[in-house]
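Note sheet for the following structure.
The values are calculated or read from the model by the stated rules, or taken from the named source; none is laboratory data. Since this is a predicted model, take the numbers as computed values, not measurements. Here Cβ is always computed from backbone atoms with ideal geometry, including for glycine, and neighbour counts include all displayed protein chains.
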Amino acid sequence: MASRRVWILAFLITTFSSLEAQTTHAFLWSPKTHKMHDLGTLGGNSYAQAINNAGQVTGYYVDLLGNLRAFLWTANSGMRDMGTLGGTSSDGTGIASKGRVAGWATNSSGVSHAFLWTSAAGMTDLGTLGGSSSGASAIADSGAVAGSGTLPGDTVAVAFLWTAKNGMQALGNLGSGYSYGYSVNSAGTVVGASPLNNSLTPNHAFLQRVGESITDLGTLGGDNSTAIGINTVEQVVGWASVAQFMPFHGFLWTQAGGMQDLGTLGGQNSAAQGINRTGQIVGFSDLANGQTHAVLWMAPNQMRDLGTLGGTYATAQGINDFGYVVGWSYLP
């Protein structure tokens, strides 16, 4: 029930360069109606990133000044702004039971810190790993939070696991010193990506259990891979290149079966970005006609086209255990 997405500047630049030129809205896809519903916005474009089993949704919208602002959406109250840590920007990247939200927000100095938000306490700064910046990417129903943060000196960023008991703890890497945590399950197992050497490329998906060393999950034959979601039984999803860097396909990884290619809807690329307790997977896929649609996988190469809100692009970011899907889509 987590999502990615992430505080890294490169990601934000990519997001805005490709999406801000299009009118983009958060959506909720219902397994009952089999339709994609527009969640609206509080300003400019909106992007849903995660949904919990109560149907609460988090993500971000872009305000009239161009700042990212975290939101919480419910069926009863609609979309509301969650505030910041004293700065101008924030992003809700994951949501757990009881409406607990994790993400990142800027403080009064304009620096991003990971946060935990609850309805009772509001937004709490989770601190850093000794550097100036951090950002949370996901939260599990146990309250465990995953993300990334800079170490002292701000020259290296590594994945972290945060718990209420132990605070923020740095995780391992695959040889470069760098790693990025994108999802976590209730056991505290974190998945993400890490470069293999000091040139910071290629990157491989990783898994790290509590008290164990980091595990390289490999690729689909190309150079790169990234793990983006994990469920309670350690099924891992993400994307991996099938030939050097491009194209890339969504994958499902299990301890028994390794990394399996999830295929596409006829186009070149796909990515798996969320998985629920029952193993339903969501993400996006290119079509043969050049469009990109949100998709739902029931099994490798068994996918359902969830469509768009009328535009040419949509991506699914998260799915809850009842099969409700959230993401974002271009409008017509």
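Determine which member of the set ALA75, ALA138, ALA70 is among the hydrophobic types (A, V, I, L, M, F, W, C), under 19 Å from the mean Cα position of the chain (by Cα) and under 20 Å from HIS37 (Cα atoms).
None of the others qualify; the one that does is ALA70.
If you check SER18 against the conditions, is it buried (at least 23 other Cβ atoms within 10 Å of the Cβ), within 13 Å of TRP328 (Cβ to Cβ) and either among the hydrophobic types (A, V, I, L, M, F, W, C) or modelled with pLDDT under 50 (or both)?
Answer is no for this residue.
Residues being under 12 Å from VAL101 (Cβ atoms) and surrounded by fewer than 18 Cβ atoms within 10 Å (Cβ to Cβ): count how many of those fall in the range 82-91.
The qualifying residues number 1.
Which of the residues that make up the range 312-331 are within 19 Å of VAL101 (Cα to Cα) and not in a loop (DSSP other than H, G, I, E, B)?
Hits for the range 312-331 are ALA316, GLN317, GLY318, ILE319, VAL325, VAL326, GLY327, TRP328.
Among LEU151, LEU116, which is the only one that is surrounded by 15 or more Cβ atoms within 10 Å (Cβ to Cβ) and more than 20 Å from the chain's Cα centre (by Cα)?
After ruling out the rest, the residue left standing is LEU151.
Can you tell me how many residues in the range 57-94 are outside any strand (DSSP E or B) and out of contact with any Phe, Trp or Tyr (no Cβ under 7 Å at 6 or more places or on another chain)?
10
Scan the range 298-332 residue by residue and report those that are in contact with a Lys or Arg (Cβ under 8 Å, 6 or more places away or on another chain) and surrounded by fewer than 24 Cβ atoms within 10 Å (Cβ to Cβ).
If the condition is that a residue be in contact with a Lys or Arg (Cβ under 8 Å, 6 or more places away or on another chain) and surrounded by fewer than 24 Cβ atoms within 10 Å (Cβ to Cβ), then MET298, ASP321 are the ones that fit.
For the list (1) among the hydrophobic types (A, V, I, L, M, F, W, C); (2) assigned to a strand (DSSP E or B); (3) touching a Leu at 6+ places or on another chain (Cβ under 6 Å), I need the number of the one condition that LEU309 fails.
Result: LEU309 fails condition (2) only.
Going through GLY250, GLY274, GLY263 one at a time, which residue ends up being surrounded by 15 or more Cβ atoms within 10 Å (Cβ to Cβ), within 21 Å of the chain's Cα centre (by Cα) and at positive phi?
Going through GLY250, GLY274, GLY263 in turn, the sole match is GLY263.
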